[in-house]
Amino acid sequence: MIEDGVGRVPAAAEVARFWELVEAAWAACGPEAAGVRRALVERAPAEDDDGSALEAFMDEFLTQLGRLCAGMSSAELTDLDRVVERKLFELDREEIHEHTDGSDDGFLYCRGFIVAAGREFYEAVDADPAKAVMDAECEAMCYFFAHLHDERFGAYPDTGSGISRESGRNPAGW
């Protein structure tokens, strides 16, 4: 178990598995979705883009992601939820909020969009918050694996992380 003094953090293998699943789900959405994702990553910082082109593919992406998770154990879904929780926590920063806007819930859903868009976009925004998209949201990504866990096992997973994915909870970011 890896801990950071607060609680459990995702292992590198868990993070790698998460991003592999995200990429596989997007790949199943076809070349048009791939082109939209590529354009989002390659656009200049702060270039106008409302994210709607990618948001149009989110339902299909989430369906594919759910399909890829069929049959996963409680531990596997908990590990994936811990990764999402950590990625959302890491994006919980004032400098990113300036480029996404939103209330507390709205900012959480904007961070969900960043994570759902994939590793390249996540890393681009993490490095340069101006790459974020104003008001683009993916609420379902924020608790995707927690909801799958609840549906299959009758309870939400305990990630043991000691952090919160909710907005304004990362003290280093505000």
Matching residues in segment 102-127 (among the acidic types (Asp, Glu) and under 17 Å from LEU40 (Cβ atoms)) number 3
Only one of (1) in contact (Cβ under 8 Å) with a residue 24 or more places away in the chain; (2) part of a helix (DSSP H, G or I) fails for GLU76. Which number is that? (1)
Are any residues in segment 123-142 surrounded by fewer than 22 Cβ atoms within 10 Å (Cβ to Cβ) and in contact (Cβ under 8 Å) with a residue 12 or more places away in the chain, and if so, which ones? ALA124, ASP126, ASP128, PRO129, ALA130, MET134, ASP135, GLU139, ALA140
Listed residues LEU65, LEU91, LEU77; which is hydrophobic (A, V, I, L, M, F, W, C) and in contact with a Cys (Cβ under 8 Å, 6 or more places away or on another chain)? LEU77
Evaluate the following for ALA33: is it under 18 Å from SER161 (Cβ atoms) and either in a helix (DSSP H, G or I) or in contact with a Ser or Thr (Cβ under 7 Å, 6 or more places away or on another chain) (or both)? no
Restricting attention to segment 1-38, report how many residues are out of contact with any helix residue (DSSP H, G or I) (no Cβ under 7 Å at 6 or more places or on another chain) and either at pLDDT below 95 or of a type in the set (Lys, Arg) (or both). 9
Which residue pairs have Cβ atoms closer than 8 Å, lie 6 or more positions apart in sequence or on different chains, and pair a first residue in segment 7-18 that is closer than 12 Å to THR78 by Cα and of a type in the set (Asp, Glu) with a second residue that is modelled with pLDDT of 95 or more and buried (at least 17 other Cβ atoms within 10 Å of the Cβ)? GLU14/ASP79; GLU14/LEU80; GLU14/ARG82; GLU14/VAL83
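Each row is one residue, and each column tells you yes or no for (1) among the hydrophobic types (A, V, I, L, M, F, W, C); (2) on the phi < 0 side of the Ramachandran plot.
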{"site": "THR100", "(1), (2)": "no, yes"}
{"site": "ASP104", "(1), (2)": "no, yes"}
{"site": "VAL115", "(1), (2)": "yes, yes"}
{"site": "ARG119", "(1), (2)": "no, yes"}
{"site": "VAL125", "(1), (2)": "yes, yes"}
{"site": "ASP150", "(1), (2)": "no, yes"}
{"site": "GLY154", "(1), (2)": "no, no"}
{"site": "THR159", "(1), (2)": "no, yes"}
All but one of (1) touching a helix residue (DSSP H, G or I) at 6+ places or on another chain (Cβ under 8 Å); (2) at pLDDT 95 or above; (3) over 27 Å from ALA13 (Cα atoms); (4) not polar (S, T, N, Q) hold for ALA136, so report the exception by its number. (2)
At least 1 residues that are under 17 Å from ASP49 (Cα atoms) in each: list the helices (runs of 4 or more DSSP H) lying fully within segment 82-161 that qualify. 94-100, 104-116, 119-127
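The values are calculated or read from the model by the stated rules, or taken from the named source; none is laboratory data. Keep in mind that this is a model prediction, so the values were computed, not measured. Every residue, glycine among them, receives a Cβ derived from its backbone with ideal geometry; neighbour counts consider all protein chains shown.
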